[in-house]
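What follows is calculated from the coordinates using simple rules that are stated; it is not laboratory data. In this text the structure is predicted, and so the values were computed from the model without any measurement. Note that we place each Cβ from the backbone using ideal geometry, even for glycine, and neighbour counts take in every protein chain shown.
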Amino acid sequence: MNWEAVIGLEVHIQLATKTKIFSGAATAYGAAPNTQACAIDLGMPGVLPVLNEQAVRMAVKLGLALGATIAPRSVFARKNYFYPDLPKGYQISQYELPVVADGELTIELDADVSKRIGIIRAHLEEDAGKSLHEGFEQVTAIDLNRAGTPLIEVVSAPDMRSAKEAVAYMKKLHSLVRYLEISDGNMQEGSFRCDANISVRPLGEQRLGTRTEVKNVNSFRFVERAINYEIQRQIELLEDGGKVVQETRLFDTSRNETRPMRTKEEANDYRYFPDPDLLPLEIEPALIEEVRKTLPELPDAKRERFMRDYGLDAYDSTVLTASRALADYFEAVAAQCADAKLAGNWVMGELAGALNKAGLDITETPVSSEMLGVLLQRIKDNTLSGKIAKEVFEAMWNGEGGADAVIERRGLKQLTDRSALEAIIEEVIAANPNQTQQYRAGKEKLLGFFVGQVMKATKGQANPQLVNELLQEKLGG
Amino acid sequence: MSLGPSQVREIAHLARLTIDGNDIPAYAENLSRILDFVDQLGSAATEGTAPLAHPLEMPQRLRADAVDEEDQRELFQSIAPATQDGLYLVPKVIE
Amino acid sequence: MHKKTIAQLVAGLRSGEFTSIELTRACLERIRRLDSKLNAFITVSEEQALAAAQAADSARAVGQGGALTGIPIAHKDIFCTRGVKTTCGSRMLDNFIAPYDAHVVERLKAAGAVMVGKTNMDEFAMGSSNETSFFGPVRNPWVDTAVPGGSSGGSAAAVAARLVPAATGTDTGGSIRQPAALCGISGLKPTYGRVSRYGMIAFASSLDQGGPMARTVEDLAWLIEAMAGFDPRDSTCVERPVPRYAAGIDAPLTGLTIGLPKEYFGEGLSPAVGDLIQAAIDVLHRLGAQIKEISLPNSRLAVPVYYVIAPAEASSNLSRYDGARYGYRCSQPRDLEDMYERTRSEGFGAEVKRRIMVGTYVLSAGYYDAYYLKAQQVRRMIRDDFIRAFEEVDVIMGPTAPTAAFDLGEKTSDPVQMYLSDIYTIAVNLAGLPALSIPTGFAAGRPVGLQLIGNFFAEERLLNVGHRYQQETDWHARIPPGYE
């Protein structure tokens, strides 16, 4: 039988506010335990939540970028359960009336294949603290620094059909929140976390199969592996005449498999009700318009523009707009060297390779866009050959300064002086009488040999075009 | 609405309370009496009436995103039952 | 000195007749001598009180200080006080020393008031008789076999017995007004949002409101002026100027229309109480007020609505008491679940557990709509009844409680009977309105209270009417035998 997978993702994104969603405590990552947990975050008696305006603005920003509806009125509710990293015994979240609803995100699958993924809702909520189990005997240690960090949970429609689509969606959303500067998207630090709802059904069937939820898959690679594993597991189960049990599973990264969570599976009854400490959140059209004005050019629009204005193909445009920083870098280089194709090739080639090798992000590059732009200018004005330019790039990468300084210091300037080249060419012809004779007898492919000799004699600095031209002239004569 | 002993135990567990076996009948009786009493609400004609969650029908006031809390860990943990190296300690969580 | 009102004490301090140290020592002395009978205090903070009194005297000497500089007061033990134990009447917080002051505590401190201690109360404010306190019941100064009312029973008894000139209270379903009535003092429950709830330990967040308890309405005006005000830490606290309440209390009552809801004078009201209320209405009528019968048709549903909403909010508010970060933790927990269950079972008393369970039940899957949502709909109907009534009248009046103080133990076996003692006060909290209770006579030697309900933020009007009534009567000046 042919099977179809149905996947929906719930992504929890930490918002890059300075303070918690309901308190004025700092949200910086990596502080000493409980030094950023104030009385409100600790759930002390009598203290009260007050909503962070910036978190609301960020939610609006995301909603606008997803083409979603911003609710004029949304409500914070309490989700009640007991856990030591949840100090109040309830999480403040949005339940019946979320701040953002009905959006969509377009993902690119192949060069020219894209797909729209529905966004059911996005709601604001507070993060929990952290429970530390390792290194303690008989006890669990609790750090509440993360408690109260603002989260926006983005819930997709079950529109994805493969792990590949799910990863493309996650990457697109990740890129979007960084474009919007509402999250640092740092997956190692837990700023961008994903739960996947997965089911399978016979191809052509309309009804959904029983789903499982795979919790906390926190890298693109693990999402792909976890989903593929889970799809396969469900298909095998069904083909063997079994049934999928609706349950929550964890992805075991060391074994590359999902397994049911061992927590005592009691029927969760969260007893949601409107938080009486927080009045309804009302968002005025004026605020929406104000936020709209701060929206940057979004990835899809940028991609279109790159294709249109720079003449780049779909693939290159997608790669170059993957992050706002990369796109900005590319545009600066292209402007400086006035050659978008050349700029694109270098950014995706030499630069991306070097960054990848060094494990650096574009924002950490030692070669600034201006430095690369100048280098490419030197190719354009024939100061450098492409080959020598790579050597200069490497020198810049290693901190030897800008292109002009490297060229000067290393004497890499391309030889374009006609008379000087003529002298060298004549010497080469004189030194190779046999080859000269053969060439003149019609073996024209020996031209390459002569070019090589001239390049060798000039340490690669001769302008290749000029060498060709002069050689043909001299040998022909 | 009358609650039986198993329902009392269930509700108690949801609220993380243990009720001594001997006290269960008394709790069951009192809770049932309270629920019977509030069942009067069933007679109210509420069709078309919007729920009122809060006496103040005004919007949420927002707070500027500025740090105004300082580290008071030492003070807060001076009243904690068990801490170590700045962490709160609780009995092992079994997952 | 203990017989003086705040207004008189302020004058005495100002003229140098006595100092705050002398006054504070006198209070502490009366507490020491008389409170063993009453059990009105959980904590007496003598050392801090004397230091604050000293500071108040110094401030006065150089012409500084606020309206209440040097006046001793007590705080209900539901208000967090930095450095002084805050128990909320519970074993759960028997060891809890708050790291911060409640906004009300801050404001009264800023106005110069001297805190002498923390008063007894029903556990987590859940009770109408002060019998649910972990620290034992409070006795009514008028009749020592009677309850003082609750939940602010300690504050009411302390003020009635002249241990302190004033105290703070909180009112979720009548917890200021009912004990004020039962102890023969004056108490004001402000409009929801008038006083910040920050640092006031939550019972039912959409109903809780702090307010003053004192012997006269004039004193209440002084106190509420100090307590009210905007607090950015409570987003349900209203940003609205605080009137100079004391300035308007003498206004004449001509042109005032008083509404008498027929539902407040029917079945369940003790005839003796009814007669006293009628007599009070006659006094106000003589002072120029028009009297009009009105109807609040959904009144009978107020108590059932309350016993869905308040326990629901409480069940969630009290989840934080889990033994992990502060407060009581059971000994030698086997595992996490054991810690949660034993800490909470041992830390909370029976009534609190009962209400947590009711609240948990009404919010649980399958019951939410029938109970919680339904209660919220009826809550709106109850509020709308008041809104309509205030189109016709300025103040609504009736009994604060259906009877005078009942005896200790009289209602502890039947929670519903206990709940019905708040039948006239609860609707006010559901609607968020301000209300005042003032002494209006005695039934068989036990005080009776008159309740005045005002429109939203109409505290000034209530205080005005209450003050004019007290100008004509002397019920508020009566002192319980043995406490002269």
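A few comments on the model shown:
- Scanning residues 5 or more positions from residue C:193 or on other chains, none has an amide H under 5 Å from its amide H, with H placed 1.01 Å from N in the peptide plane.
- Taking max minus min of the alpha-carbon positions on each principal axis, the range C:85-136 gives extents of 33, 22, 17 Å, largest first.
- Each semi-axis of the equivalent ellipsoid for the range A:3-290 is √(5λ) with λ an eigenvalue of the Cα gyration tensor; in descending order they amount to 31, 24, 18 Å.
- Taken residue by residue and averaged, Cβ atoms of other chains lying within 10 Å of the Cβ of C:302-315 number 4.
- D by Stokes-Einstein for the range A:297-410, Kirkwood Rh over Cα pairs, 37 °C, 0.692 mPa s: 232 µm²/s.
- A Förster distance of 30 Å, applied to the separation of the beta-carbon atoms of residue A:1 and residue A:187, puts the FRET efficiency at 0.25.
- Its residue count N fixes a reference of 2.2 N^0.38 Å for the range C:114-217, and the Cα radius of gyration divided by that reference is 0.95.
- Per-residue mean of C-beta atoms belonging to partner chains within 10 Å, peptide A:49-62: 3
- Most tightly packed first, judged by the mean number of other beta-carbon atoms within 10 Å of their residues, the peptides A:444-457, C:222-235 read C:222-235, A:444-457.
- Average beta-carbon neighbours from other chains, 10 Å sphere, peptide C:89-100: 3
- Highest mean first, the peptides A:398-405, A:461-468 sorted by other C-beta atoms within 10 Å per residue fall in the order A:461-468, A:398-405.
- Mean Cα-pair separation over length for chain A, i.e. relative contact order, pairs under 8 Å, 6 or more apart, %: 14
- FRET E, pair residue A:468, residue A:363, Förster distance 45 Å, beta-carbon r, rounded to 0.05: 0.60
- Scoring A:14-27, C:287-300, A:224-237 by mean Cβ neighbours within 10 Å over their residues and listing the highest first yields A:14-27, A:224-237, C:287-300.
- Rounded to the nearest 20, the Cβ-based charge dipole of the protein assembly as shown about its Cα centre (Lys and Arg +1, Asp and Glu -1) stands at 680 debye.
- Calculated FRET efficiency, residue A:31 to residue C:97, Cβ-Cβ distance, R0 = 35 Å: about 0.85 to the nearest 0.05.
- Compactness index (Cα Rg / 2.2 N^0.38 Å), the range A:120-257: 1.19
- In nm, spacing of pseudo-spin labels at residue A:307 and residue C:293 (7 Å Cα→C-beta vector): 8.0
- Label-zone membership for the range A:1-16, site residue A:236, 7 angstrom Cα→C-beta point, backbone N under 12 Å: none
- Pair residue C:85, residue B:82: separation of 7 Å Cα→Cβ label points (nm): 2.4
- Formal net charge of residues neighbouring residue C:95 (Cβ-Cβ distance under 11 Å; K, R +1; D, E -1): +2
- Convex hull of Cα atoms in the range C:1-132, direction-averaged projection (nm²): 8.2
- Over chain C, all Cα pairs binned in 10 Å intervals from 0 give whole-percent P(r) values of 4, 22, 33, 26, 11, 2, 0, listed from short to long.
- Over the range A:222-341, relative contact order from alpha-carbon pairs under 8 Å, at least 6 apart, %: 14
- Alpha-carbon radius of gyration plus Dmax, which is the widest Cα pair, for the protein assembly as shown in Å: 37.7, 139
- Ordering C:96, C:431, A:37 by the projection of their Cα atoms onto the charge dipole of the protein assembly as shown, which places +1 on the Cβ of Lys and Arg and -1 on the Cβ of Asp and Glu, puts C:96 at the extreme positive end.
- What the Kirkwood sum gives for the range C:309-370 is a hydrodynamic radius of 12.3 Å, with every pair of different alpha carbons counted.
- Simple label model, 7 Å out from Cα along Cβ direction - residue A:288 to residue C:416, nm: 4.9
- Global form of the range C:182-248, assessed from the alpha-carbon gyration tensor, a/c cut-off 1.5: oblate
- Ratio of Rg to Rh for chain B: 1.16 [Cα atoms; Kirkwood radius as inverse mean 1/r over pairs].
- Here the ratio of the Cα radius of gyration of the range A:418-476 to 2.2 N^0.38 Å is 0.99.
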